[in-house]
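The values are calculated or read from the model by the stated rules, or taken from the named source; none is laboratory data. Every value quoted in this text rests on a predicted model; they were computed, and no experiment measured them. FYI the Cβ positions are ideal-geometry reconstructions off the backbone, even for glycines, and counts take in every protein chain you see. Quick note on the areas: whole protein, heavy atoms, side chains included, nothing else; ligands and nucleic acids left out. Shrake-Rupley method; radii C 1.70, N 1.55, O 1.52, S 1.80 Å.
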Amino acid sequence: MTDTGGAGLFLSFEGIDGAGKSSHIEALAEALRGAGRRVVLTREPGGTPLAERLRELALHEAMDPLTEALLMFAARRDHLATVIEPALARGDVVLCDRFTDATFAYQGGGRGFDLGVLGQLERWVQSVQALPAGRLRQPDLTLWFDLAPEVAAQRLAAARVPDRFEAQPLEFFRRVAAGYAQRQAGDPGRFARIEADQPREAVRAQALAAVQARGWLA
Ligand code: TYD
């Protein structure tokens, strides 16, 4: 068994719709459990009963961009307070399918919403008791599944009934992808960029390698 330490770890998973992150989150959870860690698998928007209700609204009801951004952050606050922070305090590993980078990419990049306002909301929502004033809760590592929007669109076309985001045109996803690139440029040490256009096994290996490189898996 590998010693991955007792401290809580917070990993987020990002990418445009169709980038294929979901199955890799499962694989990583299994690897971490194999290394003796307790793993909490969760997602945003969602992860709590209240936040899952907000998710339903955000994904399926028409609304203006500010309402959409506020719903994302309201869901996030409940999720942080009731699931993420308690898990980190117990020393668990939290694997979160999307977090705040998605808000900057989708609401900021995709919808064109004011990044300054998103930054303000980020500061309010991610100020938590466990951290000194001025420090925000952020993922320890963000695995960014980077895939050309054209390829992602082809993959999505074969999938299920689209939600409000998945139904957007290619141009929207180009802006979302640019939004992710911008977030990475602003905090490069937190990100691992995964080349998601490769075969599934190769993508999985990249995801594992990113966690191994931090010393959290042997
Ligand atoms: P997704 O992880 O794609 O769920 P699923 O695989 O079940 O469709 O997330 C749902 C959508 O929510 C996705 O299109 C991105 C969007 N989203 C935002 O627009 N802003 C956010 O802050 C978050 C967390 C997600």
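Identify, from the list Ala153, Ala210, Ala178, the residue that is open to solvent by 20 Å² or more (accessible area, probe 1.4 Å) and farther than 17 Å from Phe99 by Cα.
On the way: Ala210 fails: open to solvent by 20 Å² or more (accessible area, probe 1.4 Å); Ala178 fails: farther than 17 Å from Phe99 by Cα.
Exactly one of Ala153, Ala210, Ala178 is open to solvent by 20 Å² or more (accessible area, probe 1.4 Å) and farther than 17 Å from Phe99 by Cα, namely Ala153.
Go through the residues of the stretch 94-104 one by one and say whether even a single one is closer than 17 Å to Tyr180 by Cα, acidic (Asp, Glu), within 14 Å of the chain's Cα centre (by Cα) and open to solvent by 20 Å² or more (accessible area, probe 1.4 Å).
Initially, the stretch 94-104 is screened for residues closer than 17 Å to Tyr180 by Cα, giving 96-104.
Among the residues that remain, those that are also acidic (Asp, Glu) are: 97, 101.
Going one step further and asking which of them are within 14 Å of the chain's Cα centre (by Cα), we end up with 97, 101.
Cutting the leftovers down to open to solvent by 20 Å² or more (accessible area, probe 1.4 Å) gives us 97.
Looking for residues that are closer than 17 Å to Tyr180 by Cα, acidic (Asp, Glu), within 14 Å of the chain's Cα centre (by Cα) and open to solvent by 20 Å² or more (accessible area, probe 1.4 Å), one finds at least one in the stretch 94-104, hence yes.
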In this structure, is Val203 out of contact with any His (no Cβ under 7 Å at 6 or more places or on another chain) and either assigned to a helix (DSSP H, G or I) or open to solvent by less than 40 Å² (accessible area, probe 1.4 Å) (or both)?
no
Is the stretch 28-39 home to any residue that is closer than 25 Å to Leu147 by Cα, in a helix (DSSP H, G or I), among the small types (Gly, Ala, Ser) and more than 16 Å from the ligand (Cβ to nearest atom)?
yes
Among what's in the stretch 21-72 and is under 16 Å from the mean Cα position of the chain (by Cα) and of a type in the set (Lys, Arg), pick the residue that is surrounded by the most Cβ atoms within 10 Å (Cβ to Cβ).
Lys21
For the stretch 109-119, name all the residues that are open to solvent by 10 Å² or more (accessible area, probe 1.4 Å), in contact (Cβ under 8 Å) with a residue 40 or more places away in the chain and not β-branched (Val, Ile, Thr).
Gly109, Arg111, Gly112, Phe113
The stretch 63-106, subset out of contact with any Asp or Glu (no Cβ under 9 Å at 6 or more places or on another chain) and of a type in the set (Lys, Arg), residue farthest from the ligand (Cβ to nearest atom)
Arg90
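Quick one: in the stretch 160-173, of everything that is more than 16 Å from Ala102 (Cβ to Cβ) and either within 15 Å of the ligand (Cβ to nearest atom) or surrounded by 13 or more Cβ atoms within 10 Å (Cβ to Cβ) (or both), which residue is modelled with the lowest pLDDT? Break it down into steps so the answer makes sense when it comes.
Of the residues in the stretch 160-173, the ones more than 16 Å from Ala102 (Cβ to Cβ) are 160-162, 167, 169-171.
Next cut, either within 15 Å of the ligand (Cβ to nearest atom) or surrounded by 13 or more Cβ atoms within 10 Å (Cβ to Cβ) (or both) only: 160-162, 167, 169-170.
Working: Arg160: 74, Val161: 85, Pro162: 90, Ala167: 92, Pro169: 94, Leu170: 96.
Here the residue is Arg160.
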Failed item in (1) out of contact with any Gly (no Cβ under 7 Å at 6 or more places or on another chain); (2) under 21 Å from Thr142 (Cβ atoms); (3) within 13 Å of the ligand (Cβ to nearest atom), with Lys21 passing the rest:
(1)
